[in-house]
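Peer 1: My structure is below; once you've seen it, I'll send some questions.
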Amino acid sequence: MITSNTTRLFLCETSGSGRGRMANWAEQLQRELAGRGLAVASIPGKGRGLVASRTFFPGEVIISQEPYASTSNKILVGSSCDHCFASDNLRKCSVCRVTWYCSSDCQKVEWKLHQLECRAMAALTEDRKKMLTPTIRLMVRLVLKRKLQNEKVIPSSCIDNYYLVDALESHISEVDENQLVLYAQMANLVDLILPSVELDLKEIAHTFSKFACNAHTICDSELRPLGTGLYPVISIINHSCVPNAVLTFDGRTAYVRALQPIGKDEEVSISYIETAAVTKKRQNDLKQYFFTCTCPRCVKGSEDDALLESYRCKNQACDGFLLPESGEKAYTCQKCSISRDEEEVKKMTREIVLLSDKASSLLKSGNTTEAGSIYKTIEQLEQKLYHAFSITLLHTRETLLKIYMELQDWQTALTYCKSTIPVYERVYPPFHPMIGLQFYTCGKLEWLLECTEDALKSLTKAADILRITHGTKSQFMKELFGKIEEARAEVSFRLSSGPGHDEQFS
């Protein structure tokens, strides 16, 4: 049922003649969402939120949306298609020399928008083109799409119209003075790029502020960033550090899927940030969104944080963590009460910091092998200093995994990959893409090492999680299912061939 209260949720930042049209779009959106088992509601202490009006089950798509506007992260390099974000068969637009497409089909779909964008960018000097940051280009594309929709050149719909952008919260009154000046300068740059379009520079500055707290990073299936998109309906979904849903992408299409059963009248939540962090870090990362998270994990805090950032017990057989001893220059294990001298801890910490600086510099300069050797030393020191679930130790192991993947040392990479999984399973919900993707990496490495049975187990675990977070229809998932079938066939063949098979072909 559409009520005046739900319509008012969309009118917070709109005035004048636009209010009537926005109210009409708001009612159409509510009807569209009702057909999908959803509703926009006022959530105490949060503002707008998306609420389920029926039960959603794990893996079920709650909502999907195309971006109102989107752009690649690497504009001038041509790392992905400007329409579908594919990375193969890319060709640069011969006129503007900025936009890239993977096919004539993508170019045709974008043509009405790109025709205007192309004309504007082709007129820019090379120096001006270098000023086309992803955020600036996102704004240019948004302005042009709004213009085309207003002129009825391209269609609008209840989930694809500028009024949904207009209804997004900008938090402009909470933005500091320096940032406001930057937004004003960015608005002037957009004005220079689009001299033929009449712009309200104040509104453009406000919209840049909306980007900061509403735009989403578009990632590939392995969560590697590709670009940025504005998804006004998905932006209604609020954050939680223990979310019941997850946002993933197939191309530039955004999908929100349930991670657990979501009951009728329950709010849908996703995570805006990396949640493998202590409460203080998470709250700091959320400052750009201008709210303080009050999810169960943030309220509970202490013990979870203690494990993630604490030092380990001096007794190697004990799995306890250390707490500062009041009035003493020591840390005491909360489990066995053995103390560890503060000076010893500080000395090891200083040594790790010095080595980390050196290893980081080597990595940046391309000395991957030497950097890997030093990071190994750091990891050994951190094992002695930090608890097994330490985020610091986890990040070092993630770095080592990347290094040895690059060096194609599959066995060493596999060792570090396996060592991260227990921590992932501790800090993420059971069905989280990071856990699934780590099992996927393990499976790929085991396959390369010809440990086929282990690869089958790891890839199967990956698929059990990723079918919930990614669905089953994407090219990535089809390839994963193909790898599993290939591994299963090889395992069956080896078993049926008997114990002499391996010796026969060795």
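Peer 1: Looking only at the stretch 171-186, count every residue that is small (Gly, Ala, Ser) and under 15 Å from residue 135 (Cα atoms) and tell me the total.
Peer 2: Result for the stretch 171-186: 1.
Peer 1: Only one of (1) surrounded by fewer than 20 Cβ atoms within 10 Å (Cβ to Cβ); (2) over 25 Å from residue 450 (Cβ atoms); (3) within 27 Å of the chain's Cα centre (by Cα); (4) polar (S, T, N, Q) fails for residue 408. Which number is that?
Peer 2: Failing condition for residue 408: (2).
Peer 1: In this structure, is residue 342 of a type in the set (Asp, Glu) and farther than 30 Å from residue 376 by Cβ? Show your work before the answer.
Peer 2: Details: of a type in the set (Asp, Glu): yes; farther than 30 Å from residue 376 by Cβ: no.
The answer is no for residue 342.
Peer 1: Here's another thing I want to ask about it. Part of a helix (DSSP H, G or I) and either among the basic types (Lys, Arg) or surrounded by fewer than 21 Cβ atoms within 10 Å (Cβ to Cβ) (or both), is that true of residue 145?
Peer 2: Criteria met by residue 145.
Peer 1: For residue 201, which of the numbered conditions (1) more than 25 Å from residue 23 (Cα to Cα); (2) open to solvent by 30 Å² or more (accessible area, probe 1.4 Å) fails to hold?
Peer 2: All conditions are met except number (1).
Peer 1: Is it the case, given these coordinates, that residue 64 is closer than 12 Å to residue 159 by Cβ, in contact with a strand residue (DSSP E or B) (Cβ under 7 Å, 6 or more places away or on another chain) and part of a strand (DSSP E or B)?
Peer 2: So residue 64 passes the test.
Peer 1: For the structure I just gave you, tell me whether residue 116 is crowded, with 18+ Cβ neighbours inside 10 Å, closer than 29 Å to residue 259 by Cβ and hydrophobic (A, V, I, L, M, F, W, C).
Peer 2: No; evaluated as a whole, the condition is false for this residue.
Peer 1: Looking only at residues that are within 22 Å of residue 155 (Cβ to Cβ) and not hydrophobic (A, V, I, L, M, F, W, C) in the stretch 80-96, which one is least open to solvent (accessible area, probe 1.4 Å)?
Peer 2: 82
Peer 1: Limited to the stretch 422-441, what total is found for residues that are among the hydrophobic types (A, V, I, L, M, F, W, C) and open to solvent by 20 Å² or more (accessible area, probe 1.4 Å)?
Peer 2: Result for the stretch 422-441: 3.
Peer 1: Considering only the stretch 473-483, state which residues are outside any helix (DSSP H, G or I) and buried (at least 17 other Cβ atoms within 10 Å of the Cβ).
Peer 2: Answer for the stretch 473-483, where residues must be outside any helix (DSSP H, G or I) and buried (at least 17 other Cβ atoms within 10 Å of the Cβ): just 474.
Peer 1: From the residues in the stretch 317-328 that are in a loop (DSSP other than H, G, I, E, B) and modelled with pLDDT under 85, which one is surrounded by the most Cβ atoms within 10 Å (Cβ to Cβ)? Working first, answer last.
Peer 2: Start the filter on the stretch 317-328 by keeping residues that are in a loop (DSSP other than H, G, I, E, B), which leaves 317-320, 325-328.
From what is left, the residues that are modelled with pLDDT under 85 are 325-328.
Details: 325: 14, 326: 6, 327: 6, 328: 11.
Looking at the filtered set, the residue picked out is 325.
Peer 1: Moving on. Name the residues in the stretch 342-358 that are open to solvent by 60 Å² or more (accessible area, probe 1.4 Å) and touching a helix residue (DSSP H, G or I) at 6+ places or on another chain (Cβ under 9 Å), would you?
Peer 2: Those that are open to solvent by 60 Å² or more (accessible area, probe 1.4 Å) and touching a helix residue (DSSP H, G or I) at 6+ places or on another chain (Cβ under 9 Å): 351, 358.
Peer 1: Among the residues of the stretch 444-472, count how many are without any contact (Cβ under 8 Å) to a residue 40 or more places away in the chain and open to solvent by 10 Å² or more (accessible area, probe 1.4 Å).
Peer 2: Of the residues in that region, 15 qualify.
Peer 1: Another question about this same structure. Taking the stretch 117-158 on its own, how many of its residues are touching a residue at least 40 places away in the same chain (Cβ under 8 Å), among the small types (Gly, Ala, Ser) and touching a Lys or Arg at 6+ places or on another chain (Cβ under 8 Å)?
Peer 2: Looking only at that region, the number is 0.
Here's the yes/no breakdown for (1) part of a strand (DSSP E or B); (2) touching a helix residue (DSSP H, G or I) at 6+ places or on another chain (Cβ under 6 Å); (3) of a type outside the set (D, E, K, R):
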{"residue": "26", "(1), (2), (3)": "no, yes, yes"}
{"residue": "33", "(1), (2), (3)": "no, no, yes"}
{"residue": "51", "(1), (2), (3)": "yes, no, yes"}
{"residue": "81", "(1), (2), (3)": "no, yes, yes"}
{"residue": "84", "(1), (2), (3)": "no, yes, yes"}
{"residue": "87", "(1), (2), (3)": "no, no, yes"}
{"residue": "95", "(1), (2), (3)": "no, yes, yes"}
{"residue": "98", "(1), (2), (3)": "no, yes, yes"}
{"residue": "105", "(1), (2), (3)": "no, no, no"}
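Peer 1: Does the stretch 67-79 hold any residues that are touching a strand residue (DSSP E or B) at 6+ places or on another chain (Cβ under 7 Å) and either surrounded by fewer than 21 Cβ atoms within 10 Å (Cβ to Cβ) or in a loop (DSSP other than H, G, I, E, B) (or both), and which are they?
Peer 2: If the condition is that a residue be touching a strand residue (DSSP E or B) at 6+ places or on another chain (Cβ under 7 Å) and either surrounded by fewer than 21 Cβ atoms within 10 Å (Cβ to Cβ) or in a loop (DSSP other than H, G, I, E, B) (or both), then 67, 68, 73, 78, 79 are the ones that fit.
Peer 1: Can you run down the residue pairs with Cβ atoms below 9 Å, 6 or more apart or on separate chains, where the first is in the stretch 364-393 and farther than 19 Å from residue 304 by Cα and among the hydrophobic types (A, V, I, L, M, F, W, C) and the partner is open to solvent by 30 Å² or more (accessible area, probe 1.4 Å) and assigned to a loop (DSSP other than H, G, I, E, B)?
Peer 2: Qualifying pairs under 9 Å: 371/365.
Peer 1: Among the candidates 361, 390, single out the residue that is open to solvent by 30 Å² or more (accessible area, probe 1.4 Å) and either of a type in the set (S, T, N, Q) or under 21 Å from residue 439 (Cβ atoms) (or both).
Peer 2: After ruling out the rest, the residue left standing is 361.
Peer 1: Given 105, 82, 88, which one is closer than 26 Å to residue 150 by Cβ and not β-branched (Val, Ile, Thr)?
Peer 2: It is 82.
Peer 1: Taking the stretch 108-137 on its own, how many of its residues are under 23 Å from residue 150 (Cβ atoms) and of a type in the set (Lys, Arg)?
Peer 2: 4
Peer 1: Separate question: Of the residues 99, 133, only one is surrounded by 21 or more Cβ atoms within 10 Å (Cβ to Cβ) and β-branched (Val, Ile, Thr); which?
Peer 2: 99
Peer 1: Taking the stretch 329-370 only, how many residues are assigned to a helix (DSSP H, G or I) and hydroxyl-bearing (Ser, Thr, Tyr)? I'd like the intermediate steps shown before the answer.
Peer 2: Start the filter on the stretch 329-370 by keeping residues that are assigned to a helix (DSSP H, G or I), which leaves 342-364, 368-370.
Going one step further and asking which of them are hydroxyl-bearing (Ser, Thr, Tyr), we end up with 349, 356, 360-361, 368-369.
Number of matching residues: 6.
Peer 1: Answer yes or no as to whether residue 261 is in contact with a strand residue (DSSP E or B) (Cβ under 9 Å, 6 or more places away or on another chain), open to solvent by 20 Å² or more (accessible area, probe 1.4 Å) and touching a residue at least 40 places away in the same chain (Cβ under 8 Å).
Peer 2: On the way: in contact with a strand residue (DSSP E or B) (Cβ under 9 Å, 6 or more places away or on another chain): yes; open to solvent by 20 Å² or more (accessible area, probe 1.4 Å): yes; touching a residue at least 40 places away in the same chain (Cβ under 8 Å): yes.
For residue 261, the condition - in contact with a strand residue (DSSP E or B) (Cβ under 9 Å, 6 or more places away or on another chain), open to solvent by 20 Å² or more (accessible area, probe 1.4 Å) and touching a residue at least 40 places away in the same chain (Cβ under 8 Å) - is met.
Peer 1: Considering (1) over 16 Å from residue 210 (Cα atoms); (2) assigned to a helix (DSSP H, G or I), say which one residue 124 fails and leave the rest.
Peer 2: (2)
Peer 1: All but one of (1) surrounded by fewer than 22 Cβ atoms within 10 Å (Cβ to Cβ); (2) at pLDDT 95 or above; (3) of a type in the set (Val, Ile, Thr) hold for residue 242; which doesn't?
Peer 2: Unmet for residue 242, out of (1) surrounded by fewer than 22 Cβ atoms within 10 Å (Cβ to Cβ); (2) at pLDDT 95 or above; (3) of a type in the set (Val, Ile, Thr): (2).
The values are calculated or read from the model by the stated rules, or taken from the named source; none is laboratory data. Quick caveat: nothing in here was measured; it's all calculated off a predicted structure. Note: ideal-geometry Cβ built from the backbone for every residue, glycine included; neighbour counts use all protein chains shown. Keep in mind that these areas ignore ligands, DNA and RNA; they rest on the heavy atoms of the full protein, side chains included. Shrake-Rupley method; radii C 1.70, N 1.55, O 1.52, S 1.80 Å.
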